[in-house]
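The next block holds one structure in the form of structure tokens; read it before the comments.
Coordinate-derived values only; no laboratory data. Quick caveat, the model's predicted, so the values are computed rather than measured. Virtual Cβ from ideal backbone geometry, glycine too; neighbours counted across all protein chains shown.
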Amino acid sequence: MFYDFKKIEKKWQKVWLDSHAFAAEISPTRKKYYLLEMFPYPSGKIHMGHVRNYTIGDVASRFKVLEGYNVMHPMGFDAFGQPAENAAIKNKTKPDIWTHKCIKEMEVELKKMGFSYDWEREFSTCDSDYYKWNQWIFLKMFERGLAYKKASAVNWCSSCQTTLANEEVVDGGCWRCHTKVEQKDLEQWYLKITEYKERLLEDLGQLKQWPERVLAMQSNWIGKSSGVDIYFRLKASDKVISVFTTRVDTIFGATYIVLAPEHPLVKELIKGRPEEKEVLHFMDKVSKESKLVRTSSDVKKEGVFTGSYAINPVNNEEVPVWVADYVLMEYGTGAIMAVPTHDQRDFLFAREHKLPMRLVIQPPAVNRQQPTDDMTEAYEGDGIQVNSGQFDGLSNSEGKIKIAEWMEQKEIGKIQTHWRLRDWLISRQRYWGTPIPIIYCPKCGVVPVAYKDLPVELPKDAPFTGDGGSPLGKVKDFIQASCPKCSGPARRETDTMATFFDSSWYFLRFCSPKYNSAAFDVQEAKYWMRVDQYIGGIEHAILHLLYSRFFTKFFQDLKMVDFSEPFEKLLTQGMVLKDGQVMSKSKGNIVDPDSMIKDYGADSLRLFILFAAPPETELEWDQRGLEGAFKFLSRVWRIQENLKDKADGALVRIMHKTIKKVSVDFSEFKFNTAIASLMELTNAIYQLGADKEVFLNLVIMLSPIAPHFSEELWQILGNKESIFKAAWPAYNPKLLIEENVELVIQINGKLRSKLQVPRGISEDELKELVFKDDKLAVWLGSKQPKRFIVVPQKLVNIVV
RNA sequence: GGGCAAGUGGUGGAAUGGCAUACACGACAGACUUAAAAUCUGUUGGCCGCAAGGUCGUAAGGGUUCGACUCCCUUCUUGCCCACCA
């Protein structure tokens, strides 16, 4: 009987589905385990990235099942979003119909991989049963002032005809279509994520089981920076320019200050002055530059003098006020003090415009007091304060503290923290998303939709062509509403929510997907949350994870959850490459999982993808590797035909060693080495011959990786119940201890011999044995050993 | 410019202070076969040597250590993230 994967896989997929084999329920007696992979956008076809992500999750999940945990392993679809609109236009259909067709196809593909999902919990974010709760959450945020509308310059993608969050701008382009992002003044909806900035930063410390890399990216993104706001009074008026610096120790070297071109004081400063025309011209020029050009670091810094002077509050010196493009209005106070001697950008600018410099931090071991023409670059390191009044002689790190305190005392500065994180822009001028539940009443103004009127259903028949403007604005029945407050005629909000809103809390919805009184059932969430293991791509390291952390903290404040972080442990799986490049349609190097399943079976595909690389690293696709996986399974399959009555003692020993190794490796997600030891066990079986017990243990250990295959063998060997009702094998520690150990003998750290010695041999006995060894005598000669180092059960090193 | 990660045979990778290259792919040889495929059994880092064995070898250089792929320093390369961030 050969390994007929087609028949076997079909058979067990049906059994698992029909018996709801992986449906999860609260059980007060069993320990729960919530395993979640990032849910997919339903494009219709799964790709190798999905296969890898979900295979890793499935093995972890099935392993936990075998270990006896009460496992919840759900799956759903992140179904709103622009591609469905584009596809619908292209295929002359509707996003709704298109998306549901894609979901159906994708379900089939996921089922063909044999993933152990609890399909009872499945939902799509485009179901009104789901997005109703998006609206509910939005209203809760609105009530607390966390959702608000404001006019400001926003990122605009002209190709997608919609706004973008800061997080969605990548290298100055749209994260989805790479079109250059423009700035546009628009009234938009924001979520006040900045209100949670301290907690979002601080709680990163709780995430001990997240990759360092992701923590660093999140912390960079939040961008806390501590320093001092310093007040420069203008010479000609009593107006004050506030500048932010992290290097207050260099304040005595501030020889000019620079405003961002958008700074509100600029126009006032230049009014009626001879410089007015030139400055206005400069401001106009900068405003036309895209952010991409302006922020690229190799562009020369340009600026103009305003004609005004300000007073440096620490020494009452007059310093000129400039306007330059390298100062950004969005960061800090939109104004800086320039210290050319100790900041490279200031240095280049000062040299270009012949502005004065003064050294205030003396670099160690350099005998130079004045700055100076021979400086070729700014000195940004540590040193001793000079030219700094009463602070001379302090180290600059002391100076930083003392000067800040002194300035606060004299009320010429304030210790201050600035953040990079901005509020989250969530409104989109698109159709296929959750309608924002707001009504504009001519009398009452901005009024939230009443909870009882949720959901605000997305009309099925919006005329959208992709030519811009919000499609919902063209649906008369939708726009017309009555004001929830005064019942008068009113107009409905036509923007929809960014889809990242949908995915910021779906992990909570999985706990009670059909719950109908709130976004989720607090009791169910109490049992299942937090997510014990979350698995997904590194591309979500900032956006999705940051937003999900924010929502969780919001629910904590609503007292709906009693924790502040949603994901206990995070694994970011590496990309799947072919010929050294990421698989992508445009590169034409896609390998279609479906055809691989057809040729080799889902189990072989799963095995290969786990064996070829550790989960976190990139994986190079190798067709021969997949064939190898199939051959290995076939090799294991054939063992059943040659089982002995009793296995050799040596083999039993190897089996126990393998159980230990595989157990540890599985819990640490080291699937590649787990598989290697299963292969070693298989090789040993081919040498020594196995009995039924050894073979069944091998099959159980393979079952998380190749579930259909193992289930079939389990049944063939006479078991009635599913293999996933079996217990994970235990190893006998006594069998791992061998009587004789092989010791490596080194001389001066070089391997010279090996000795079989009894376990627990004394050092003196060992010495005697070692000096009897002929091989070593050659090396030792007549030399007297200086040291004799013994690492028990491992090695001896003789130093001569 | 800043931060983080990585660099090991022909290839994917293993070893995180103690036998470098486990396991696999590929290659080569043998068995089976009329033959091929499949399968099974070997060999497979470089150099020297008939062999026993020796010697070099984990990006480069230095250091710590009885002992370093592993720890520390310097440099190079690659990848990722952030970035005129004050």
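Assorted remarks:
- The angle between the Cα long axis of helix A:48-66 and the longest principal axis of the Cα atoms of chain A comes to about 60 degrees, rounded to the nearest 10.
- Footprinting exposure proxy for A:W98, A:W419, A:W728 (fewest neighbouring C-beta atoms within 10 Å first): A:W419, A:W728, A:W98
- Cβ-Cβ FRET estimate between A:W136 and A:K45, R0 fixed at 30 Å, reported to 0.05: 0.35
- Backbone N under 20 Å from the A:R787 label point (7 Å along Cα→Cβ), restricted to the range A:761-776: A:763-764, A:766-768, A:770-771
- Volume per residue of the convex hull around the Cα atoms, evaluated for the range A:24-168, comes out as 163 Å³.
- The range A:1-82: Rg to Rh, with Rh as the Kirkwood radius over Cα pairs: 1.02
- Estimated FRET transfer efficiency when R0 is 41 angstrom, pair A:E742-A:V582 (beta carbons, to 0.05): 0.35
- To the nearest ten degrees, helix A:623-639 and the longest principal axis of the Cα atoms of chain A are 30 degrees apart.
- Applying D = kT/(6 pi eta Rh) to the range A:194-243, where Rh is the Kirkwood radius over alpha-carbon pairs, T corresponds to 37 °C and eta to 0.692 mPa s, the Stokes-Einstein value obtained is 240 µm²/s.
- Spin-label model, A:K11/A:K772: points 7 Å from Cα along the beta carbon direction are separated by 5.9 nm.
- The three principal axes of the Cα atoms in the range A:440-549 give end-to-end lengths of 49, 36, 25 Å, sorted in falling order.
- Semi-axis lengths, largest first, of the ellipsoid equivalent to chain A are 58, 43, 22 Å, with √(5λ) applied to each eigenvalue of the Cα gyration tensor.
- Evaluating kT/(6 pi eta Rh) at 25 °C and 0.890 mPa s, with the Kirkwood radius of the range A:638-780 over Cα pairs in the Stokes-Einstein relation, gives 138 µm² s⁻¹.
- Loop-located trypsin sites (Lys or Arg not before Pro) across the range A:447-513 with a Cβ neighbour count of 10 or fewer within 10 Å are A:K460, with loop assigned by DSSP.
- Label point at A:N220 placed 7 Å out along Cα→Cβ; residues across the range A:417-445 whose backbone nitrogen lies under 18 Å: A:419-422
- Its Cα gyration tensor gives the range A:573-685 an equivalent ellipsoid. The semi-axes, each the square root of 5 times an eigenvalue, are 32, 17, 9 Å from largest down.
- The equivalent ellipsoid of the range A:696-800 has semi-axes of 49, 14, 10 Å, largest first, where each one is the square root of 5 times an eigenvalue of the Cα gyration tensor.
- Per-residue extension of 0.36 nm, minus the Cα-Cα distance of A:D453 and A:S595, leaves a gain of 46.4 nm for this segment.
- Charge tally in the Cβ shell below 13 Å around A:R492, where Lys, Arg are +1 and Asp, Glu are -1, A:R492 excluded: -2
- Residues in the range A:755-783 that a label on A:V800 would reach, taking backbone N under 19 Å of a point 7 Å out along Cα→Cβ: A:755, A:766-783
- FRET efficiency estimate (nearest 0.05) - Cβ-Cβ, A:T673 to A:R638, R0 22 angstrom: 0.35
- Surrounding net charge for A:R62, when Lys and Arg each add one and Asp and Glu each subtract one, Cβ distance under 14 Å: -3
- Label sites at A:A518 and A:E318, each approximated as a point 7 angstrom past Cα along Cα to Cβ, lie 6.6 nm apart.
- Listing A:I137, A:I761, A:I737 from fewest to most neighbouring C-beta atoms within 10 Å gives A:I737, A:I761, A:I137.
- Helix A:95-112 vs. chain A, principal-axis angle (Cα, 0 to 90°, nearest 10): 30 degrees
- Normalised contact order of the range A:504-613, rounded percent, pairs of Cα under 8 Å and 6 or more residues apart: 22 percent
- For chain A, share of DSSP beta bridges that run antiparallel, in % to the nearest 5: 75 percent
- Cut-off 13 Å between beta-carbons: net charge of the residues surrounding A:G399, Lys and Arg +1, Asp and Glu -1: -2
- Translational diffusion of the range A:30-71, µm² s⁻¹ [Kirkwood Rh, Cα pairs; Stokes-Einstein; 25 °C; 0.890 mPa s]: 216 µm²/s
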